[in-house]
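Novice: Can you keep this structure in mind? I'll have questions shortly.
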C-alpha cells in the first residue's frame, strides 16, 4: 500500500492475497479502492493425505470483515478457485459473477449449505464489462482447461 497521498489524489489501490500465492490452492484476492472491495475467486486447498479428517482448507476469512465487499468475481470453475464460495458469500453484499459453467458448478455447493443464492448469480461472457463501485471488471477468454 502507498503511504501518503497519491500524485493524482486518487485513493490507494489495495491488493490483499488471502491465499494462492506460493501454494497450490486457496486462490483468493481482495482488491479494494475508495470504499469499494471485490473478491476475486474463492478457492480451497485439498489437504495432504496425512491430515486425517480434514476435507478442505480455506483461507482465513476474517480479513474480509474490514471491507464492504460489493462483488465476488470467479475466474473459472476449478475447486481451487470456487470451492469456498459458500463460505465467502456471507461477507459479500452484492452479486457473484462467473461464466455459466462456473455458476452451474457452484449452485450445488450453495444448495448443500441451504443457500438459495441464484438471485445473486450473474452470468458473464467474454468481453462483458461490469461496474462495481470504483472498478470496471472486464471478462476475457483465456486458454485454460475450463472457460
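Quick note: the coordinates plus some simple rules give every number you see, no bench work behind them. Everything quoted here is computed from the prediction, not taken from an experiment. As a convention, Cβ positions derive from the backbone with ideal geometry for all residues, glycine included, and neighbour counts pool all protein chains shown.
Novice: Helix-only estimate, please: 222 nm mean residue ellipticity of the chain, summing -39500 (n - 2.57) across DSSP H runs of length 4 or more and dividing by its residues, to the nearest 500.
Specialist: -3500 deg cm²/dmol
Novice: To continue, here is another question. Most exposed first by the Cβ proxy, i.e. fewest other Cβ within 10 Å, how do 29, 146, 45 rank?
Specialist: Fewest-to-most Cβ neighbours within 10 Å comes out as 146, 29, 45.
Novice: Can you tell which of 71, 111, 32 shows the greatest fluctuation in a Gaussian network model of the chain with Cα springs below 10 Å?
Specialist: 111
Novice: Cα convex hull of the chain: how many Å³ per residue?
Specialist: Cα convex hull per residue, to the nearest whole number: 139 Å³.
Novice: I need 41, 116 ordered by Cβ neighbour count within 10 Å, fewest first.
Specialist: 116, 41
Novice: Now a separate question. On C-alpha positions alone, give me the angle between the axis of helix 100-112 and the longest principal axis of the chain, in degrees, nearest 10.
Specialist: Taking Cα atoms only, the helix is inclined about 60 degrees.
Novice: Next up: For a footprinting-style exposure proxy, rank 72, 64, 13 by other Cβ within 10 Å, fewest first.
Specialist: 13, 64, 72
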